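Worksheet for the structure shown next.
We did not get these values from a lab; they are worked out from the coordinates using the rules stated. Note that the structure is a prediction, hence the values are computed from the model and not measured. Neighbour counts are summed over all protein chains in view; Cβ atoms, including those assigned to glycine, are modelled from backbone coordinates with ideal geometry.
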Amino acid sequence: MNLEYIGLKEISGPLVVIDGVKDASFEEMVEIHVGKELRLGRIIQIEGETCVVQVFEGTQGISLANTRTRLKGKPLKMPLSKEILGRILDGMGRPVDGLGEIFPEKYMDINGEPINPVKREYPRNFIQTGISSIDGLMTLIRGQKLPVFSGNGLPHNQLAVQIVRQAKIQDANEENFAIVFAAMGVKYDVAEYFKESFRKGGVLDRVVMFLNLANDPVVERIVTPRCALTAAEYLAYEKDMHVLVILTDMTSYAEALREISSSKGEIPSRKGYPGYLYSDLASIYERAGIIKGGKGSVTQIPILTMPNDDITHPIPDLTGYITEGQIVLDKDLALRGVYPPVNVLPSLSRLMKDGIGEGYTREDHPEVANQLFASYAKVQEVRALASVIGEEELSELDKKYMNFGRAFEEMFITQNFHEERDITQTLDLAWMLLGHLPKEELDRISPKTLEKYYVSPENEGRQV
Amino acid sequence: MSETSHGIIYGINGPVIKVRGNYPFKMYEMVLVGNEKLIGEVIRVLETETIVQVYENTTGLKAGETVTPTGKPLTIKLGPGIIGNIFDGIERPLTRIAEETGAFIKRGSSMDNLDTDKLWDVRIKVKQGDTVKPGDIIAEVDETDSVVHRIMVPPYVEGEVIEALNDGSYNINQVIVKVKEGKTIHSLTLVQDWPVRQPRPHKERKHLDIPLITGQRVIDTMFPIAKGGTAAIPGGFGTGKTLTQHQFAKWSNADIIVYVGCGERGNEITEVLEDFPNLIDPRNGKPLMNRTVLIANTSNMPVAAREASIYTGITIAEYYRDMGYDVAIMADSTSRWAEALREISGRLEEMPAEEGFPAYLPSRLSEFYERAGRVENLNGTFGSVTIIGAVSPQGGDFSEPVTQNTKRFIRCFWALDKSLAYTRHYPAINWTSSYSEYIEDLTDWYKENIKPDFMDKRTRLSRILQEETKLLDIVKLIGSDILPEEQKLVIEISRVIRQGFLQQNAYNEQDTYVPLQKQYLMMDTILKLYDRLQKLIPLGIPVSVFRNAGVFEDVIRMKYTIRNDDLGAFDTLNENLNKVLDEIEADYKDAERKND
Ligand SMILES: Nc1ncnc2c1ncn2[C@@H]1O[C@H](COP(=O)(O)OP(=O)(O)OP(=O)(O)O)[C@@H](O)[C@H]1O
Ligand SMILES: [Mg+2]
């Protein structure tokens, strides 16, 4: 184990190949000394005595002759203790805030282990974000993985910050609430923005930040979300905390994976991404959840930017196949000044059905949500027609839909960055908007519920 | 060089390892890999080396460790204790794994697939001197209160019973019957082994002319599937594949449900585990879990075991079919299985065909779907395996290889449509691009068991919808206002069909499952309304009058307002509708007379 291997056989992108290695194990960590500098690597393929190693700090400055390599005899493990709260770490979990090393209580393998489905607790507890579009239509549930699909220039960071600031998790208090924030390939000012807003919100000492910024090594980016989730699991399952994990930007992560895959010479599938992108992303997203009998939870809000705003691009596509819904942001809405620009039709929360309604939010919630989706979908049809024949030519009913659509976007979706609406306000607002439509049009709502909540603005003498 | 007793690991690349040494491994042989004895399977044999796929995480494995042969292909145990249970992709019991290793799945777990301690009350069905042949039932066990487990002579055993125990409580490894075949004596227990990649034999295939009833209107009425048939549910993410599969698992009239969670979410498996014990089987009032078996390889579990999970599932399905049961297997999602093939193939550096998938993708798919069917079993009973596979097309685009190749081997295509899902039209099964090739073969059954004109009514519904599709193209351009009233009526009635009939709310107690009788009466009500209105419109009454009178909404709401156990209420509904329409008609005639 203490053998030192001098020199390399080959260098390709972020990968190096070492020859004559004895006793190497798959995914074992190695130390590579380049002159005085120490870099870390991981064995990702073994062929006889030849090992392919990915170098976390990158391969710049490495030659075939100037390295000395040593096997560390174990996979990548993270030192953990409750002290990590309030700390800023690099993409591999090493402190970069100048506050010294973390004194570990234990070491955990960053790959984690799959939760046995028998031991999962099905998530049912509503997290109020105070944002109408989300709480009303794509409710976040404790233990869920609900990504934000965004695009360049869209306010996904603000939205994430607003969610973190306003999130009310049942049973969570200052003591048992934590945020794990992982930046992958984002710019320095984005990381600063999050840090600043955590500070302003007075939660900085509840946050663990993992930073792999745009100019940090690409290979390190591969382990950043895994380190972050290892920390989250430790806090949730060993320290009984409710942990909200923000992962941004998953697109940079997937690009890093593609870069390494192509250096390895692997056969690509769609758009050059490796065939195992699905499994790889799943090994990250599936680490959200709740364990039976446990007191903590891991809720994930991954953020990704859709290349070319294309939701069928492999990154959003495969993410959507794994996560429990998605919050889709839309450029057109943003251009029209709508914040948060949530495009509700393609958005979805799959877990909301069990976490809303009587006993959770309010008994009319499921029907109202359904109706808003259906009516707003109808608005799109009417708008398409209006763009052909002109709004004046629309039937009276269709005109009502146009009004409803505008009001819905301006009053329900639109919300100030500092405005917090509780679920009752959100649902009441929804009823006021549905009042724009004749009762007969509300076919997703039972007569009983209509009876109780429906108000048409004419009856109330209220003009919207 | 002389033969060694094992192989040596030479290369490791994720789940794929290269093995060298002199041991002559056999293709598809199960092997134990490395010091931790991880389970693997030989997937290629070359002159100089053998390739093994490992069913567990290979982190920490070293070149130089040994690979031990087992001499047999990847086999699973078939016997009492399967139903109501949950297994991983190679039939390891997840509940007992959890008891042993806690919340997280550790690798290298080697425990019996089926509980070997549990005592079953066994009724022996043969006696000394009987001759038995493959498939014959030698004993029975009440596996759950819904399922009688028939212990059968394995397909390779035949001969004379020379010893049989009395009825009693035995564990699964107890020899209950001994059979003499020539010079060999077979000791039969409650379990048999079966290699998962090999279909279990049967006597002959039967014609598929009985529907599998699911209680879902768009399936049973519009695109029905036969017992023993094959279906695919393709759809982009979030369009409703899993929910539809769950609905089938809950409500279809199969005797046994095998649910394979293949590379999907852990929470979805948990949901089944939490819900099914509390849901009541409409056929016998017992918990649904008592006829269900779950195979789970969630997306974060090892990818090679994902490939195997499909075969484990279908082998269990065939085994219960052999007992004379109608079995339905849901595989969610077959795309993850195909991708597992692709990943392994990629690591073998095989020449890829389309989009990186291996060239043998179509043949693997066809072999799998071929294992469906309704058959006469070796023991003379009849049973069926119905396969319903979800397909998750990349980018939601049905032209991709898995969807296209699957289409060649299935006969029901339930196409989920993103735009329907966006507007929350659930189930988002598109009525234009979906099809069932079983309709013709099933028509007689519907005639004899439900109503003679069931399929005629169905045809009328689908004609109206077709007409609507054409009209909507016009409406998109010019609005609906200038359409003649008869065509407006088509659009309104189509809306009633879409919202009142095709849409079905899985979360509504009445609507989640709808018996065929009610499906028929709903169709009937819609068509009667249509017929009547078609007569009234020529009198000069515009569609808007009927709309304002609320007749369409009353019909749309019938799925909620009429209980499944109160079908007499349809008469009342129809009478009330007629009353309203009579009044409208009378008013109009009055008005006309005054005008004259
Ligand atoms: N019949 C239905 N009734 C009510 N809601 C439905 C119905 N079908 C689908 N849905 C809604 O659609 C959501 C997504 O469905 P589902 O999880 O089955 O999608 P999927 O096609 O399996 O997606 P993925 O490929 O990502 O697994 C559900 O959570 C539910 O909200
Ligand atoms: Mg699904």
Per principal axis, descending, Cα span of chain B in whole Å: 111, 56, 42
field: Hz values of 3J(HN,Hα) by residue in the stretch B:289-306 - Karplus curve (6.51, -1.76, 1.60), Gly and Pro given as x
entry: 4, 6, 10, 10, 10, 10, 10, 10, 10, 6, 4, 9, 8, x, 6, 5, 5, 5
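Evaluate peptide A:311-318: per residue, the Cβ atoms of other protein chains within 10 Å of its Cβ; return the mean as an integer.
Counting other chains' Cβ atoms within 10 Å and averaging over A:311-318 gives 4.
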- request: Would you mind checking the tilt of helix B:439-449 against the longest principal axis of the Cα atoms of chain B, expressed as 0 to 90 degrees and rounded to 10?
  value: 70 degrees
message: Let's see if you can work this out: charge +1 on each Lys and Arg Cβ, -1 on each Asp and Glu Cβ, no other charges. What is the dipole magnitude of chain A about its Cα centre, in debye to the nearest 20?
response: 940 debye
query: Which value at 222 nm does chain A reach when only helices count, each DSSP H run of 4 or more adding -39,500 (n - 2.57), with the total divided by all residues and rounded to the nearest 500 deg cm²/dmol?
result: -9000 deg cm²/dmol
For residue A:295, net neighbour charge (Lys/Arg +1, Asp/Glu -1) across residues whose Cβ lies under 13 Å away: -2
statement: Expressed as a whole number, the average count of other chain Cβ atoms within 10 Å around the Cβ atoms of A:266-279 is 6
field: Placed amide H near residue B:76: partners under 5 Å, 5+ positions off or other chain
entry: B:194, B:196
- line: Pairs over 29 Å Cα to Cα, from A:452/B:286; A:400/B:535; A:353/B:418; A:77/A:264; B:488/B:589; B:203/B:518, come to A:452/B:286; A:400/B:535; B:203/B:518
message: Counting only other chains, and only Cβ atoms inside 10 Å, what mean value do you get across the residues of B:105-117?
response: 1
- prompt: Near the amide H of residue B:31, under 5 Å away, which other amide H atoms are found, from residues 5 or more places off or on another chain, if H is placed in the peptide plane?
  reply: B:40, B:41, B:42
- prompt: At what distance in nm do the modelled label points of residue B:478 and residue B:104 sit from each other, each positioned 7 Å from its Cα along Cα→Cβ?
  reply: 6.7 nm
Calculated on alpha-carbon atoms, Rg and Dmax of the protein assembly as shown in Å: 31.1, 112
Enclosed volume per residue, in Å³, of the convex hull spanned by Cα atoms of the stretch B:79-195: 113 Å³
- prompt: Can you give the charge dipole size of the stretch A:78-354 about its Cα centre, rounded to the nearest 20 debye, using +1 on the beta carbon of Lys and Arg and -1 on the beta carbon of Asp and Glu?
  reply: 500 debye
field: Along principal axes, Cα extents of the stretch A:4-74, largest first, whole Å
entry: 27, 21, 20
- prompt: So for B:4, B:512, fewest C-beta neighbours within 10 Å to most, what's the order?
  reply: B:4, B:512
query: Given R₀ = 22 Å, FRET efficiency for residue B:160-residue B:187 by Cβ-Cβ distance, to 0.05?
result: 0.95
query: chain B: longest stretch without exposed GluC sites (Glu not before Pro) (DSSP loop, at most 10 other Cβ within 10 Å), sites themselves excluded?
result: B:48-508
task: Work out from phi, with θ = phi - 60° and the Karplus expression 6.51 cos²θ - 1.76 cosθ + 1.60, the ³J(HN,Hα) of each residue of the stretch B:529-542, listed in order in whole Hz, and give x for Gly and Pro.
output: 4, 4, 4, 5, 5, 4, 7, 7, 4, x, 6, x, 8, x
message: How large is the convex hull of the C-alpha atoms of the stretch A:78-354 per residue, in Å³?
response: 127 Å³
query: Can you give the Kirkwood hydrodynamic radius of the stretch A:365-460 from its Cα pairs, in Å with one decimal?
result: 14.0 Å
- request: Name the residue farthest towards the positive end of the dipole of chain B from the options B:210, B:148, B:333, assuming +1 on Cβ of Lys and Arg, -1 on Cβ of Asp and Glu, about the Cα centre.
  value: B:333
field: Cα→Cβ-extended label distance, 7 Å offset, between residue A:271 and residue A:446, nm
entry: 4.3 nm
query: For chain B, what is the percent of antiparallel DSSP beta bridges, rounded to the nearest 5?
result: 70 percent
task: Could you give the size of the charge dipole of the protein assembly as shown about its Cα centre, using +1 on the Cβ of each K and R and -1 on the Cβ of each D and E, expressed in debye and rounded to the nearest 20?
output: 1340 debye
field: Unit Cα scatterers, Debye sum, the stretch B:439-506: log10 I(q)/I(0) for q = 0.15 Å⁻¹
entry: -0.61
- request: Starting at the first residue of the stretch A:439-450, write each ³J(HN,Hα) from the Karplus equation 6.51 cos²θ - 1.76 cosθ + 1.60 with θ = phi - 60°, in whole Hz, x for Gly and Pro.
  value: 3, 4, 6, 8, 7, 9, 10, 5, x, 4, 5, 4
Ranked A:193, B:422, criterion: other C-beta atoms within 10 Å, fewest first: A:193, B:422
Reciprocal of mean inverse Cα separation for chain A (Kirkwood radius, Å): 24.0 Å
- prompt: Amide H of residue B:433: which non-local residues (sequence gap of 5 or more, or other chain) have their own amide H closer than 5 Å, using H built in the peptide plane?
  reply: none
